[in-house]
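S.K.: Got a structure for you, written out below as structure tokens; questions coming shortly.
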Amino acid sequence: MNTIVIIGAGGFGRECLQLLRELAASGAPCPQVLGFVDAGRKGQKIHGLPVLGDDAWALETLSRDTGFVIATGRPALRRQLAHLYEAAGFSPYTLIHPSVQLAPSVQLGRGCILCAGCRLTVDIHLGSYNLLNLNCTVGHDVHTGDFVSLYPAVNLSGGARIGARSELGTAAVVLPGVSLGENCVLGAGAVATKDLPGNATYVGVPARPL
């Protein structure tokens with residue numbers, strides 16, 4: 001794809017724009033960013049690019065050749081927007097910062113965002129629309145479901161499994177072979193030392209239900 005829009009013009013939207021500009025500066029192929037899609041900021045300019053309109057405008061106006069990046073950390077909203085745009089015939093753009101290290105055996109689902117400083121080793125499977133924020137590390141044989149969010153400096157040790165739509169807070173750690181169920185929230189700095197059921201929030205060291 002030659003052009004994309006960034007869905008969401010908040011803080012993470014601005015970070016995605018910077019990521020794209022650093023990708024272009026590295027000499028890697030990079031689509032042109034037309035602007036942002038954000039109902040609450042329509043008509044504004046952000047770092048030199050316009051907020052073009054809301055989702056309804058984008059779905060009605062944009063060419064289906066235009067890709068999209070969803071700039072929100074919230075898994076439920078990311079899932080909702082992904083389904084909306086894909087159902088209308090748009091395709092997501094997978095965004096990987098040039099500093100990211102990942103082995104050829106890493107499998108990425110569609111629409112993932114990997115921010116600066118992330119390191120992924122071998123035989124890893126990331127589901128679609130995963131977000132790995134700054135400086136995350138992912139060890140061998142890790143498997144994540146769709147719409148997982150890893151906030152800065154999360155560490156997933158070898159063999160960890162993360163259920164769909166889970167959120168792991170800044171500097172959270174999942175020890176080797178540990179599984180988190182779907183819709184888990186692991187708080188900032190928490191350490192998962194054993195399997196944790198889904199649909200719950202865990203905090204502390206070791207991680208316990210909130």
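The values are calculated or read from the model by the stated rules, or taken from the named source; none is laboratory data. Everything numeric here is computed off the predicted structure, so don't read it as measured data. We place every Cβ from the backbone using ideal geometry, glycine too, and count neighbours over all the protein chains shown.
S.K.: From the residues in the stretch 120-132 that are surrounded by 17 or more Cβ atoms within 10 Å (Cβ to Cβ) and over 23 Å from Glu86 (Cβ atoms), which one is farthest from the chain's Cα centre (by Cα)?
M.R.: Among those residues, the one meeting the criterion is Thr121.
S.K.: Same structure again: Which residue out of Val37, Val5, Val51 is surrounded by 20 or more Cβ atoms within 10 Å (Cβ to Cβ), more than 23 Å from Phe147 (Cβ to Cβ) and not acidic (Asp, Glu)?
M.R.: Val51
S.K.: Is it the case that some residue within the stretch 8-22 is part of a loop (DSSP other than H, G, I, E, B), of a type outside the set (D, E, K, R), over 16 Å from Leu81 (Cβ atoms) and at pLDDT 95 or above?
M.R.: No, that holds for no residue.
S.K.: Please work out if Ala71 is surrounded by 15 or more Cβ atoms within 10 Å (Cβ to Cβ), in contact (Cβ under 8 Å) with a residue 24 or more places away in the chain and closer than 16 Å to Asn130 by Cβ.
M.R.: yes
S.K.: If Gly89 passes every condition in (1) touching a residue at least 60 places away in the same chain (Cβ under 8 Å); (2) among the small types (Gly, Ala, Ser); (3) within 22 Å of Phe147 (Cα to Cα) but one, which one does it miss?
M.R.: Of everything listed in (1) touching a residue at least 60 places away in the same chain (Cβ under 8 Å); (2) among the small types (Gly, Ala, Ser); (3) within 22 Å of Phe147 (Cα to Cα), Gly89 misses just condition (1).
S.K.: Taking the stretch 47-79, which residues are farther than 14 Å from Ile4 by Cβ, small (Gly, Ala, Ser) and not in a helix (DSSP H, G or I)?
M.R.: Once the filter is applied, which keeps residues that are farther than 14 Å from Ile4 by Cβ, small (Gly, Ala, Ser) and not in a helix (DSSP H, G or I), the stretch 47-79 yields Gly48, Gly53, Gly73.
S.K.: Let me ask another. I'd like to know if the stretch 95-105 contains one or more residues that are surrounded by fewer than 21 Cβ atoms within 10 Å (Cβ to Cβ) and closer than 25 Å to Leu196 by Cβ.
M.R.: no
S.K.: Restricting attention to the stretch 23-35, which residues are assigned to a loop (DSSP other than H, G, I, E, B) and in contact (Cβ under 8 Å) with a residue 12 or more places away in the chain?
M.R.: Within the stretch 23-35, Ser26, Ala28, Pro31 meet the criteria.
S.K.: Here is a further query. Within the bounds of the stretch 36-45, is there any residue that is in contact (Cβ under 8 Å) with a residue 60 or more places away in the chain and over 23 Å from His125 (Cβ atoms)?
M.R.: Looking through the stretch 36-45, none of the residues is in contact (Cβ under 8 Å) with a residue 60 or more places away in the chain and over 23 Å from His125 (Cβ atoms).
Listed here are the residues, each with its yes/no results for (1) surrounded by 18 or more Cβ atoms within 10 Å (Cβ to Cβ); (2) out of contact with any helix residue (DSSP H, G or I) (no Cβ under 7 Å at 6 or more places or on another chain); (3) closer than 19 Å to Ala116 by Cα.
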{"position": "His143", "(1), (2), (3)": "no, yes, no"}
{"position": "Leu156", "(1), (2), (3)": "yes, yes, yes"}
{"position": "Gly159", "(1), (2), (3)": "no, yes, no"}
{"position": "Ala171", "(1), (2), (3)": "no, yes, yes"}
{"position": "Val178", "(1), (2), (3)": "yes, yes, no"}
{"position": "Gly181", "(1), (2), (3)": "no, yes, no"}
{"position": "Val185", "(1), (2), (3)": "yes, yes, no"}
{"position": "Lys194", "(1), (2), (3)": "no, yes, no"}
{"position": "Asn199", "(1), (2), (3)": "no, yes, no"}
